[in-house]
Number of protein chains: 2
Amino acid sequence: MKVSKKIATATIQLRRQLGARVATSEDARFAASFDGSKLSFLPAAVVFPKKEADIGVVLALANKHGVPVTVRGGGTSLTGSGSPLRGGWVVDVSKWDKVTIDAEAGMATVQPGAKVAAIHAAAEAAGWFYPPDPASKQYSTIGGNIACNAGGMHGGRYGVTRDFVLALRGFLPTGEAVKWGAPTKKFSAGFNLRDLWIGSEGMLGVITEATLKLIPLPAARWTLLASFADEIDAFRAVKVLFGLRVQPAICEFLDRYSVQCAEAKTGKTVFEGQAGKPVMLIELAGTPSEVADQKAVVVAWAQANTAAFREARDRAEADELWSVRRKCSGAMFALGDAKLNEDIVVPLRSYEKFAVFLDKLRKKSRLPIPTFGHLGDGNLHVNIMYHRENHAEYLRAEKAVEELMKGVVALGGAISGEHGIGLAKSPFLRMQHSAAEIKAMKAVKDALDPKGILNPGKMFEVFKVWEHPRLKIELPWDHK
Amino acid sequence: MKVSKKIATATIQLRRQLGARVATSEDARFAASFDGSKLSFLPAAVVFPKKEADIGVVLALANKHGVPVTVRGGGTSLTGSGSPLRGGWVVDVSKWDKVTIDAEAGMATVQPGAKVAAIHAAAEAAGWFYPPDPASKQYSTIGGNIACNAGGMHGGRYGVTRDFVLALRGFLPTGEAVKWGAPTKKFSAGFNLRDLWIGSEGMLGVITEATLKLIPLPAARWTLLASFADEIDAFRAVKVLFGLRVQPAICEFLDRYSVQCAEAKTGKTVFEGQAGKPVMLIELAGTPSEVADQKAVVVAWAQANTAAFREARDRAEADELWSVRRKCSGAMFALGDAKLNEDIVVPLRSYEKFAVFLDKLRKKSRLPIPTFGHLGDGNLHVNIMYHRENHAEYLRAEKAVEELMKGVVALGGAISGEHGIGLAKSPFLRMQHSAAEIKAMKAVKDALDPKGILNPGKMFEVFKVWEHPRLKIELPWDHK
């Protein structure tokens, strides 16, 4: 992307004000040009802010000169929400990574570049627990987690990022400093722009600090692996489980195709004697006696509702079980060199219908679609596998994604549960939301960002992701 | 208030379209003219919608003719957020009160007029629990609870209304039907206007249906009453308790003045041998063994950190303890015939400083300020008592409220935790929020409600509540 004269002039002014905090080397610009989507757009400069006021400087200049500004943390977004589509300036907050735990109040005050895993570790060291745990947690930062309302495996019982954010500090797109909420569990004073920012994918404000709610660290955990005759049977069984008022901390599901991928790759059977069958991993958490109470209910349920089940004897065996869940994602590349990983959500009442729908989609598209994910909240990762260079497959994959999104919305679900829209899902936003809904969202955007400088071109404009090449690079968080 | 010709004409058109659903009798208009604040403004008409589309009709006409529209449910708001300040039309949704429980998914689908107590009952009958429980729950409706982000006693452990709303159906101020969120625990598709509506006090949209998240009904409860030498001692002790990673379902506090009011009124000592001392009521909830685990921790804490404590032997004795909490509010009227009930929030780290601050405020204002409330989330009800007809007291009360709000914000807290702003707290919004923050909120309002018809004049315009007479009537939920 050519840097326009207007932006080049503005960048000179930016350097004058922020000096060495502004990088314009080819390397720095390339490194900031893409996120986990591998869609790359070269910015004119990358800003590494030292203090909060630097953000105000960047935004004031950007507003004056009409420079696009995209904020990035770990850059792990899978949708392109962190890629600077229109160039301009990238603000890299990944060095702002301080985490402070208030061990009495059970709160964490964090800078936007703090890695989610670092927040987990700091909280746990103080006897507290921060439940949201996206798979990218070793790399993804809390700013991005808030921007995309990240979820993870604990959503069903504990909720998602949104449920843990008490207060935000930051800047409006116009460069004015603001605070939303307070470090308290109640706040009912004025419109709730805190939660409007959460999930807005960096288009409504820049976060410079967040106060997170923590919950007491569960003292005990217990893990069970169950297998089922087929997917419908598994979904039927999980409804029975939830009907018993059991809320597992984690309830992960791998369909037969995911299991078969993992088995083919590792050469081991996931569940001895149940090769190639769908499995469910259930983890209970709480006080030792709470877990013991629930365990009795779950074991009785498993006896009546699973093909086979076994408990993890200890933490090491539990970790062994969990390793299957982690491996299955990478193992899918045996089925195709390209993957469309969609993070759709289906309401519990539609689980069984969705299994039927997905089988039809497999037949119609003639593509492998291994599916796994979070049964506690219906957030399933549907992986449409194809071969990048095979044009016919590529067209069928494109068609299958569209049908998947339509089907999910028809079942009362959501086109994204935790990744957000960014560029990759922009073609489907109109399936989820009516014209009136989108008009309202855009009106809010225009009201808060009148010059349209913050992360422009995302979410509402249809981006034809198929027409754009992706970088052929391996990122640290790519599933091996 | 005189009905302008413009509004009279629009009302004729409204009646033509909705017939008998539009009431214009003096009685109907008076009944809709006030809420729990007893600030009364006569509307031109009251609409009792029969179906969702009726709301669209009302709003389309209101936009065309510039008619103010205020939506009401139970009318229990204490801030005037439900009073039709500018007249126009009141939409009364209190007859829309259907509650449907999804016993497998643990969700409730509710109409906006459903009383919160009815939602509790329906959920509990199905083995589920809806934690938000404002004191007005027998009268207040879920639509208003969502509009004001209501809280109650369970906020510290379980969260507030906002934390339990998954999806909303309703209408934009412009009369277009919209849906926000989905009946799922994850949703990350588009800007989060669901949560922007929550707490917006009926100024950004009209809710016609909500899907609420439920949690498993706690099978066991256990109650403890503790007394303390003074308020600072109580606050110090509760910090120790939370530092032990115990999260009581309820942790209510009554300062010495509240206790003394209750004792004077009932002629009984709240805690035998501890007359006139501040008390704390702690309730644990969960599985029987979880409660047993926590009980051991709490009893050990009580031995080391309270002046005296006693457990409730059974549910009847627990109810007896709770009756004190309910009585203290009404008993305060022995101290004055008027009460400013402020629902401020203080962060845990500032509890002790707040006790010192409040003592100074009592001395300075020479007014009784009994205080009680929710220690789990720092949401304290500060009751400034005065005599309505005593002008000097009235002026000191006015001054004391202002100082209270300033003090709370200086301590990092919030001017409202669960009542919202409405009219009564509009003079203080600028203490909580900066000019930039309020400008952003108003920009959002203008973007979504360009004609400014929905609940106009609330929150952002300073209403001098002192200059307006209040109705001298007794409402069913007035504390006896």
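The values are calculated or read from the model by the stated rules, or taken from the named source; none is laboratory data. Everything numeric here is computed off the predicted structure, so don't read it as measured data. Cβ: placed from backbone, ideal geometry, glycine included. Neighbour counts: every protein chain shown. For accessibility, only protein heavy atoms count, side chains too; no ligands or nucleic acids. Shrake-Rupley method; radii C 1.70, N 1.55, O 1.52, S 1.80 Å.
Descriptive notes on the structure:
- With respect to the conditions (1) open to solvent by 20 Å² or more (accessible area, probe 1.4 Å); (2) under 27 Å from A:Leu335 (Cα atoms); (3) within 20 Å of the chain's Cα centre (by Cα); (4) not small (Gly, Ala, Ser), A:Glu398 falls short on a single one, namely (3).
- Residues satisfying the stated conditions in region A:347-391, i.e. within 23 Å of A:Arg325 (Cβ to Cβ) and either part of a strand (DSSP E or B) or of a type in the set (Val, Ile, Thr) (or both): A:Ile369, A:Thr371, A:Phe372, A:Gly373, A:His374, A:Asn379, A:Leu380, A:His381, A:Val382, A:Asn383, A:Ile384, A:Met385
- Enumerated strands (runs of 3 or more DSSP E) restricted to region B:35-124, each holding at least 1 residues that are not aliphatic (A, V, I, L, M): B:69-72, B:89-92, B:99-102, B:107-110
- Verdict on B:Val346 being of a type in the set (Val, Ile, Thr), in contact (Cβ under 8 Å) with a residue 40 or more places away in the chain and open to solvent by 20 Å² or more (accessible area, probe 1.4 Å): no
- Whenever a residue of region B:165-180 is in contact (Cβ under 8 Å) with a residue 40 or more places away in the chain and more than 10 Å from chain A (Cβ to nearest Cβ), its partners that are open to solvent by 10 Å² or more (accessible area, probe 1.4 Å) and of a type in the set (A, V, I, L, M), lying with C-beta atoms within less than 8 angstrom and at least six residues away or across chains, give the pairs B:Leu168/B:Ile207; B:Arg169/B:Ala177; B:Arg169/B:Ile207; B:Gly170/B:Ala177; B:Gly170/B:Ile207.
- Selected residue (only one of B:Val90, B:Val99, B:Val110 is under 22 Å from B:Leu423 (Cα atoms) and out of contact with any Phe, Trp or Tyr (no Cβ under 6 Å at 6 or more places or on another chain)): B:Val90
- Residues that are at negative phi, open to solvent by less than 10 Å² (accessible area, probe 1.4 Å), within 18 Å of the chain's Cα centre (by Cα) and at pLDDT 95 or above do not occur anywhere in region A:439-455.
- Entry remark, region A:347-393: residues being over 21 Å from the mean Cα position of the chain (by Cα) and of a type in the set (A, V, I, L, M) number 6 in total.
- Residue, least open to solvent (accessible area, probe 1.4 Å), within region B:65-120, restricted to residues that are charged (D, E, K, R) and touching a Leu at 6+ places or on another chain (Cβ under 9 Å): B:Asp102
- Residues of region A:181-202 satisfying the condition of being within 7 Å of chain B (Cβ to nearest Cβ) and either in contact (Cβ under 8 Å) with a residue 12 or more places away in the chain or open to solvent by 20 Å² or more (accessible area, probe 1.4 Å) (or both): A:Ala182, A:Pro183, A:Thr184, A:Lys185, A:Phe187, A:Asn192, A:Leu193, A:Asp195, A:Leu196, A:Ile198, A:Gly199, A:Ser200
- For A:Gly175: the one exception among (1) in contact with a Leu (Cβ under 7 Å, 6 or more places away or on another chain); (2) assigned to a loop (DSSP other than H, G, I, E, B); (3) among the small types (Gly, Ala, Ser); (4) farther than 25 Å from B:Ile438 by Cα: (4)
- Test: residue in region B:231-243 that is in contact with a strand residue (DSSP E or B) (Cβ under 9 Å, 6 or more places away or on another chain) and assigned to a loop (DSSP other than H, G, I, E, B): no
- Looking across A:Leu254, A:Leu241, one residue alone is open to solvent by less than 30 Å² (accessible area, probe 1.4 Å), of a type outside the set (D, E, K, R) and within 21 Å of A:Ala331 (Cβ to Cβ). It is A:Leu254.
- B:Leu212 modelled with pLDDT of 95 or more and either buried (at least 24 other Cβ atoms within 10 Å of the Cβ) or of a type in the set (Gly, Ala, Ser) (or both): yes
- One residue stands out in region B:319-343 among those that are part of a helix (DSSP H, G or I) and polar (S, T, N, Q): the one that is surrounded by the most Cβ atoms within 10 Å (Cβ to Cβ), namely B:Ser329.
- The C-beta contact set for region A:452-472 (first residue without any contact (Cβ under 8 Å) to a residue 60 or more places away in the chain, second residue open to solvent by 20 Å² or more (accessible area, probe 1.4 Å), distance under 7 angstrom, 6+ apart or interchain) comprises A:Phe460/A:Lys442; A:Val462/A:Pro427.
- Scan of region A:301-316 for residues that are open to solvent by 30 Å² or more (accessible area, probe 1.4 Å) and either more than 14 Å from every other protein chain (Cβ to nearest Cβ) or under 30 Å from the mean Cα position of the chain (by Cα) (or both), ordered by number: A:Gln303, A:Ala304, A:Ala307, A:Phe309, A:Arg310, A:Glu311, A:Arg313, A:Asp314, A:Arg315, A:Ala316
- Considering region B:415-430, the residues that are assigned to a helix (DSSP H, G or I) and under 21 Å from B:Ile369 (Cα atoms) include one that is farthest from the other protein chains (Cβ to nearest Cβ), namely B:Pro427.
- Among the residues listed as B:Gly412, B:Gly378, the single one being touching a Pro at 6+ places or on another chain (Cβ under 9 Å), open to solvent by 10 Å² or more (accessible area, probe 1.4 Å) and within 14 Å of chain A (Cβ to nearest Cβ): B:Gly412
Okay, residues lined up against (1) within 24 Å of B:His154 (Cβ to Cβ); (2) more than 14 Å from every other protein chain (Cβ to nearest Cβ); (3) open to solvent by less than 20 Å² (accessible area, probe 1.4 Å); (4) more than 25 Å from the chain's Cα centre (by Cα):
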{"position": "B:Pro248", "(1), (2), (3), (4)": "yes, no, yes, no"}
{"position": "B:Ala262", "(1), (2), (3), (4)": "yes, yes, yes, no"}
{"position": "B:Lys277", "(1), (2), (3), (4)": "no, yes, no, yes"}
{"position": "B:Val291", "(1), (2), (3), (4)": "yes, no, yes, yes"}
{"position": "B:Val299", "(1), (2), (3), (4)": "yes, yes, no, yes"}
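- Verdict on B:Asp133 being in contact with a strand residue (DSSP E or B) (Cβ under 8 Å, 6 or more places away or on another chain), away from every other protein chain (no Cβ under 14 Å), free of Cβ contacts under 8 Å to residues at least 40 places away in the same chain and open to solvent by less than 20 Å² (accessible area, probe 1.4 Å): no
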